[in-house]
Amino acid sequence: MTRLATGGRIDRSAPLTFTFDGAPYTGYQGDTLASALLAAGVRTVATSIRYGRPRGIFAAGVEEPNALVEVDGEPMATATTVELRDGLTARSLTGRGRLTAPDDQADQAGHDRMHAHCDVLVVGAGPAGLTAALEAGRTGARVIVVDERTEAGGTLLETRDLVGDAPALAWVAAATGLLAELPEVRVLTRTTALGRYDDGYVVAAERRGSRGRLWRIRAAEVVLATGAHERPLVFAGNDLPGVMLAGAARAYANRYAVLPGRRAVVFTTDDSAYAAAAELAEAGLEIAAVVDPRPGGGPDTAFEVLAGHVVAGATGTAEVTGVRVAGREIACDLVLVCGGWNPVAHLYGQAGGRLRYDDDLACFVPEGTAGRCRVVGAAAGEFSLAGCLGEEPRPGPPAAPVWLVPGDEPGYDTHFVDLQRDVTVADIEAALATGMTSVEHVKRYTTAGTAHDQGKTSAVTAVGVISALRGVPMGDLGTTTFRPPYTPVSFALLAGRDRGVLHDPVLTTAMHPWHVARGAVFEDVGQWKRPHHYPGPGEDMAAAVLRECRAAREGVAAMDVSTLGKIDVQGPDAGEFLNRVYTNAFAKLPVGSCRYGVMCRADGMVFDDGVTMRLAPDRFLMSTTTGNAAAVLDWLEEWLQTEWPDLRVRCTSVTDQWAGVAVVGPRSRDVVAALAPGLVLDNAGFPFMTWRETDVPGAGGAARVARISFSGELAYEVYVPWWYGLALWEAVLAAGEPYGITPYGTETMHVLRAEKGYPIIGQDTDGTVTPVDLGLGWAVSKTKDFIGRRSLSRSDTSRPDRRQLVGLLPIDGEESLPEGAQLVEDPDVPVPVPMIGHVTSSYRSAALGATFALALVKGGRDRIGTTVFAPLGDRVVAARVADPVLYDKEGAHRDG
Amino acid sequence: MGEPPQAVRRSPLGHLAAELRAASVPGTVTVREVPFVRQVNVRGPGGKPFPAEPNTVATTGDAAGDAAGDAEGDTVLVWLGPDEWLVVGPGEVPGMPGAEHESVADVSAHRTVVELAGPAAREVLLKGCPIDLHPGVFPPGRCAQTLLGRAQVIIVCVDERPAYRLFVRASLAGYLAGWLIDAMREYQCHTY
């Protein structure tokens, strides 16, 4: 209402303009939005959520229940903690919140994150926190102090307390000066500790202008100097604008030089409000009376004290105009309330700490230590400044709390307990009337204490009201559970820089820039970006894939296969190790050869597959599926470290060491001949499933070439170190140009392999499929032991009607079966129709001139030649069951 | 065809060299790729000169050098696990007296090296690295396998500027470079 001419911690030379609900205002540097609004005479800042009642600014800090605002795109903030800045635009949040998409995503970017470690984390830079920080810092310990205010000092910023004979803020300045000289001490202001987790891990949010920084602090010890929150009093009309915590009014006067009213009635059960009243009166506020229910009142004071009385009700409609006390009405525009103080025990409670109700202090006090957390100062129930500074405490008189103030009339419809949730004493009565006795149940039934403020002014108040209504001692009721976050935190801040392209790492190959330049359409395989197909001008995906397939079957095509996982397996027992890991035998594989292998989990289900080369008697290069490389390495390490430590074998991931290109098709031999002029390429000199080291002059020299085919065509895979991958790719394309070499993507690769009935682990399998189910029985050794072998002879895994991989040829060759489609024997039987399998892969084949699919079908191999049906909702597609090898059954294309 | 190998080789971050230069703030924090560093992964029972103390690096021979392992500098042995080391630099892979290596794998192209140096380098790392990098805990000669952002990295502290070498998979280097450039942005302008 009034900005004082002097005092406060504002900069009168730095006026700031801002708007609130569309109207322009001015304030000063150092103001909060709330203090600037109060200085401008704005008393009503919200409309309550259920009853639409006007609500004013009630507190001066994070405990504010009413003044919720949207500020410059930040969806929900308390006006009491928003620092005023020039041009700030705020809007009151009225009624129920609405989650809207931010207009400008970029505006929310730029939040930061920081990890920190320390010996001692002090939460709160008030007198107790600064004392603890100095004590720890002087030992040379690494200390971090976090405080939610803009500067250190805690509530000393908001009072005119003295330390010795000097203003307390002089002591604060001296303390912060000493801390600044300690190199291992860091003080973070504007930083709120949001949550405490196991092992001294505390997450805190730092405000940096419109941006934020999330601190993840790991501390050997946590000192909680979190202070106390003032309690309101519960009386009729206690929600009217103008009813305010006494300590908040004191803060507005002392810190912001604002008087939040002209004439006040103080209603208190605690001596602290007397000091507040004295300081406010000195600043110019008229104190009409002090109403103190305690028969003897409080300390000596110059004001009229109505001891032994209560405020029976606040009057007024839009805002408070007076109070009824002892049968008379006292006019006022401000009711300053104080029902005592609650230690801020949120983090302590999150640490699993127990709270004890202290009858002398009339509050729940942390008892002992919990999970590396020690509590000091007001948070520990030490409310005297001397006690917080480590001197001899000066306890006040025993508290005499008043939890519920009856009105002049019966009923509790305007006795508010939770101002944000609009919960009244009548609501709590209703909860108790249903038979609820637990404060947790009453909280959930009434929603008291569940708002953004986590019940900072309402949770213990609600317990007090329950105590008063039921006549049960506070200590028997206890508190509700404390859960993070202490104050609201935006998802954008939690996300930090993990957004946009940094949200999820992308893995790219050495050839990636070429794929991008060529206009490839990419697909994600694990974290890799792989070209899915390369559309030509005017081509859709289907046309591109048909063209790429035709090139591989009739001419030559090339694919970037660098993403395959690669594991270097070395040691004298490497052959024996692979014999145990794969279902088929590797120990006798000759050096210079390679072999397709299948590995199972212990349950006999297929886990991964790939081609492994023997590089030397004691060295193999294993390849894995693209998405499974890390899981396979973990699997190998698990067996080596836990089951077979006697085997002298070591594994090393070399996935990114090698870039690879598959050269596929009848003309691939011509291309490789041009690429590697020194290589003998005829079938006798370089047979299928062997590898050679050779010189590829266009790609840095040394290369490894293997005759491996995942398409059934004559094919080579050429590998060079990653550095030469792009050169290799370009050299392959140059060498293949005379033959019309065509780059192809994963979709064409899938079609080509499916035409040959080669399964893809993870697409045609789902962890319930054995090698035999896939038709890979030939790769399952009958003579050696391997992981999963015993499971394969279980009655369930060896029964004949398991789902087996088969081909499906739709009767109408234009009809494409969706992957995942369920298959039935007879679509006309009544529901529920028994399912006999499902489609795992489905494509259009250039070679077959029709669509086809792979499917897992019950007893599928015995159904070859029969017809099955896929009910697709609007139609039923019939398909003939076929051998999964649909193309070149004789393998005539393999050798060119 | 037949060009010298150096003419056609590409480092994983070669195409981002200008961006890394632009993100650097001399005197505060600089970032650059140290490309084509020879790296050999060695696994086996260990023994001198392979460091036995976890998360430490050692140099081969008697030359007193830094812990960088530059192409032109010393060869360093980075502890990766109780039976695993990364030999970084041009020197020979030392033998293990009395015990054979069970595995020696050239992984020079598997990872590239990013050097982050300057007074703010530690703070940049702490934006995404959860381990304690305090100079008393992670001084020059220390190494760790950890996360930076969402990238798995080997971090070696090489000198007291401080400078750190980050070893990152070639395929993931683009992500890491993007993350570092984003994390260093606040040092570009002080009106952040």
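The values are calculated or read from the model by the stated rules, or taken from the named source; none is laboratory data. Model, not experiment: these values are computed from the prediction. Note: ideal-geometry Cβ built from the backbone for every residue, glycine included; neighbour counts use all protein chains shown. These accessible areas exclude ligands, DNA and RNA; they are computed on the full protein's heavy atoms, side chains included. Shrake-Rupley method; radii C 1.70, N 1.55, O 1.52, S 1.80 Å.
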Problem - Part-to-part distance (alpha-carbon centres) for segment A:739-763 and segment A:335-352, which is given in Å - result: 65
Problem - Overall form of chain B per C-alpha gyration tensor (a/c, 1.5; a/b vs b/c) - result: oblate
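Can you sort A:V310, A:V325 by 1.4 Å-probe accessible area, starting with the largest?
A:V310, A:V325
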Problem - Shielding by partners, peptide A:692-704 (average Cβ within 10 angstrom, other chains) - result: 2
Completion exercise
P(r) of segment B:5-56 over all Cα-Cα pairs, 5 Å bins starting at 0, rounded to whole percent, reads 4, 14, 15, 14, 11, 13, 14, 12, 3
Exercise for the section: Using only Cα atoms, tell me the angle between helix A:746-755 and the longest principal axis of chain A; keep it within 0 to 90° and round to the nearest 10. Expected result: 40
Completion exercise
For A:V375, the residues 5 or more places away or on another chain with a placed amide H closer than 5 Å to its own amide H are A:L224
Exercise for the section: Tabulate in residue order the Karplus-calculated ³J(HN,Hα) for segment A:557-574, using 6.51 cos²θ - 1.76 cosθ + 1.60 with θ = phi - 60°, rounded to whole Hz; enter x for Gly and Pro. Expected result: 9, 9, 9, 7, 10, 4, 6, 4, x, 9, 10, 8, 10, 10, x, x, 9, 4
Exercise for the section: Quick one: accessible surface of B:I181, probe radius 1.4 Å, all protein chains present, in square angstrom to the nearest 10. Expected result: 40
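Per the helix-only calculation at 222 nm, which mean residue ellipticity applies to chain A, given -39500 (n - 2.57) for every DSSP H run of n ≥ 4 and division by its residues, nearest 500 deg cm²/dmol? Mind showing how you got there, number by number?
On the way: 20 runs with 174 residues, N = 896.
Roughly -5500 deg cm²/dmol at 222 nm, from the helical runs in chain A.
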Exercise for the section: Can you check what the Kirkwood hydrodynamic radius comes to for segment A:622-689, Cα pairs only, in Å to one decimal? Expected result: 15.4
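Need the full-extension length gain, A:Q641 to A:D72, defined as separation in residues times 0.36 nm minus the C-alpha distance. One decimal, nm.
Contour length minus the Cα-Cα distance gives 199.3 nm.
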Handout entry: B:E102 accessible area, 1.4 Å probe, all protein chains in place, Å² to nearest 10
Key = 20
Handout entry: In degrees, nearest ten, helix A:246-256 long axis to first principal axis of chain A (Cα)
Key = 80
Practice task
Sort A:E135, A:E158, A:E382 from largest to smallest accessible area, using a 1.4 Å probe on the heavy atoms of the protein chains.
Solution key: A:E135, A:E382, A:E158
Exercise for the section: Nearest 100 Å² is fine: how much accessible area is buried between A and B, summed over both sides, with a 1.4 Å probe? Expected result: 4300
Practice task
Summarise the partner chain shielding of B:40-48 as one whole number: the mean count of Cβ atoms from other chains within 10 Å of each residue's Cβ.
Solution key: 2
Exercise for the section: Would you please report the Å³ per residue occupied by the convex hull of the alpha carbon atoms in segment A:281-386? Expected result: 166
Problem - Whole-angstrom gap from segment A:585-642 to segment B:2-24, using each part's C-alpha centre - result: 34
Problem - Residues in segment A:568-589 occluded by at least 30 Å² - accessible area, probe radius 1.4 Å, against chain by itself - result: A:Q570
Problem - Probe 1.4 Å, all protein chains present, accessible-area order of A:M689, A:M76, largest first - result: A:M76, A:M689
Fill in the blank from the handout: Ordered by number, the residues of segment A:500-519 with at least 40 Å² less accessible area in the assembly than alone (1.4 Å probe) are A:L502, A:P505, A:L507
Practice task
Would you kindly find the accessible area of A:F522, with a 1.4 Å probe and non-protein molecules such as ligands, DNA and RNA excluded, rounding to the nearest 10 Å²?
Solution key: 60
Problem - Length gained when the stretch A:K784-A:V516 is fully extended (0.36 nm per residue, less Cα-Cα span) - result: 91.8 nm
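With a 1.4 Å probe and every protein chain left in place, work out the accessible area per residue of the protein assembly as shown in Å², rounded to a whole number.
39
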Completion exercise
Where a ≥ b ≥ c are root eigenvalues of the Cα gyration tensor, a/c under 1.5 meaning rounded, otherwise prolate if a/b exceeds b/c and oblate otherwise, chain A counts as prolate
Practice task
For A:D862 and A:R470, calculate 0.36 nm times their separation in residues minus their Cα-Cα distance, and state this gained length in nm to one decimal.
Solution key: 133.6 nm
Exercise for the section: Express in whole angstrom the spacing between the alpha-carbon centres of segment A:36-67 and segment A:788-862. Expected result: 65
Practice task
Quick one: grab the alpha carbon gyration tensor of segment A:489-626, order the square roots of its eigenvalues as a ≥ b ≥ c, and give me rounded if a/c is under 1.5, else prolate or oblate depending on whether a/b is larger than b/c.
Solution key: oblate
Practice task
Kindly write out, for segment A:5-16 in residue order, the coupling ³J(HN,Hα) from the Karplus curve 6.51 cos²θ - 1.76 cosθ + 1.60 (θ = phi - 60°), rounded to whole Hz, with x marking Gly and Pro.
Solution key: 6, 9, x, x, 10, 10, 10, 5, 7, 10, x, 10
Handout entry: chain B: calculated mean residue ellipticity at 222 nm from DSSP helix runs of at least 4, using -39500 (n - 2.57)
Key = -3500 deg cm²/dmol
Completion exercise
Counting sequence-distant residues (5 or more places) and residues on other chains, those with an amide H built under 5 Å from that of A:A702 are A:V696
Problem - List of segment B:135-180 residues, accessible area with partners at least 20 Å² below that of the chain alone (1.4 Å probe) - result: B:R150, B:R169, B:A170, B:S171, B:L172, B:Y175, B:W179
Problem - Efficiency of FRET between A:M689 and A:T150 - r from beta-carbon atoms, R0 45 angstrom, step 0.05 - result: 0.05
Problem - For A:V598, distant residues with modelled amide H under 5 Å away - result: A:T583, A:N584
Practice task
Can you tell me the FRET efficiency between A:E539 and A:R601 if r is taken as the Cβ-Cβ distance and R0 is 35 Å, rounded to the nearest 0.05?
Solution key: 0.25
Practice task
Determine the share of chain A's accessible area contributed by carbon and sulfur atoms, expressed in whole percent, with a 1.4 angstrom probe.
Solution key: 52
Handout entry: Nearest-ten-degree value, helix A:168-181 long axis tilted from longest Cα axis of chain A
Key = 30
